[in-house]
1. Please go through segment 28-67 and give me each residue that is within 20 Å of the chain's Cα centre (by Cα), on the phi < 0 side of the Ramachandran plot and either surrounded by fewer than 17 Cβ atoms within 10 Å (Cβ to Cβ) or assigned to a loop (DSSP other than H, G, I, E, B) (or both), ordered by number.
2. Would segment 196-214 turn up any residue that is closer than 26 Å to residue 317 by Cβ and either assigned by TED's automatic domain parsing to the domain that holds residue 107 or in contact with a helix residue (DSSP H, G or I) (Cβ under 8 Å, 6 or more places away or on another chain) (or both)?
3. Name the single residue, out of those in segment 225-244 being part of a helix (DSSP H, G or I) and in contact with a helix residue (DSSP H, G or I) (Cβ under 9 Å, 6 or more places away or on another chain), that is modelled with the lowest pLDDT.
4. Given the options 260, 270, 266, name the one that is farther than 20 Å from residue 178 by Cα and buried (at least 22 other Cβ atoms within 10 Å of the Cβ).
5. Name the one entry in 117, 107, 85 that is outside the structural domain of residue 232 (by TED's automatic domain parsing), assigned to a strand (DSSP E or B), under 17 Å from the mean Cα position of the chain (by Cα) and buried (at least 19 other Cβ atoms within 10 Å of the Cβ).
6. Consider residue 287 against the criteria (1) buried (at least 20 other Cβ atoms within 10 Å of the Cβ); (2) within 25 Å of residue 215 (Cβ to Cβ); (3) in contact with a strand residue (DSSP E or B) (Cβ under 6 Å, 6 or more places away or on another chain): it satisfies all of them except one. Which criterion is unmet?
7. Got at least one residue in segment 297-311 being at pLDDT below 90, assigned to a loop (DSSP other than H, G, I, E, B) and not assigned by TED's automatic domain parsing to the domain that holds residue 115?
């Protein structure tokens, strides 16, 4: 999820935090840019990344080699593809050199949320300088709880959706094992519908009309945020248009080899991805009984292609990952350390 606010929320010290002029930034060497105490990104007028300094690499956990030459708004941070960020960039790109714009934004990564103040500056030669200054996340006392709360006297967990479960997470796998995979999956679908409802509010805060009308990865970022706030782990997704399918990666909050728990997440993913894409989908975990390694990988396909999921039985997880293009056929194992910006 992303949130945008005006610079009225900016601290008085922001001007001191970003003291360099456009002219001074343009004169700096690559080493000097890397030594800046805040993020610095140089873009062309189309939004392609030309320079990505060391501070920004460290904070986003994306190496420069994976960023430079790619579209910032389309590939690197698609959650910024909203009027309050991309619209501002496009407007500034039409201004004469020296023009600037500043605004607040919230990025959501798999490793956590980060509030920032962004300064865009129009430079010479069709360049735009972006400086990104990290700020502590501020929570209004009236907003939804940002984290899961354990009420020990009542023996239950509370979060943004209220009292979700009467048990701690390390006990839920045992509970699901007693009800079986089908019931666990159905329970997950019910929870997923509530998660999608909360995410609907989250994308509205970012400027999108509805969850299914938001940029897909913005919608997934909102779903990931709700899961994180509930203490239910983290979610990332890669989309493929032909044939249509979604690769989902879930890191549950507990280490468990429970197939019932993976079935629960199948239900959660089915309803949340269906809501994000405005079309019914079916999800299956490809890990089978090899659930010790994290994150878990799920294939999500339109409901009319559900028959394709039956072929999973008997195949090794990494062989399935190769078949779906998640790892190269010559690799020994899937990359389970993926960290993507929302």
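1. The answer is 58, 62, 63, 64, 66, 67.
2. no
3. Here the answer is 229.
4. From the options 260, 270, 266, the qualifying one is 270.
5. From the options 117, 107, 85, the qualifying one is 107.
6. (2)
7. no
The values are calculated or read from the model by the stated rules, or taken from the named source; none is laboratory data. Owing to the predicted nature of the structure, the values given are computational and were not obtained by experimental measurement. Because the Cβ atoms are built from the backbone with ideal geometry, glycine has one as well, and the counts that use them run over all protein chains shown.
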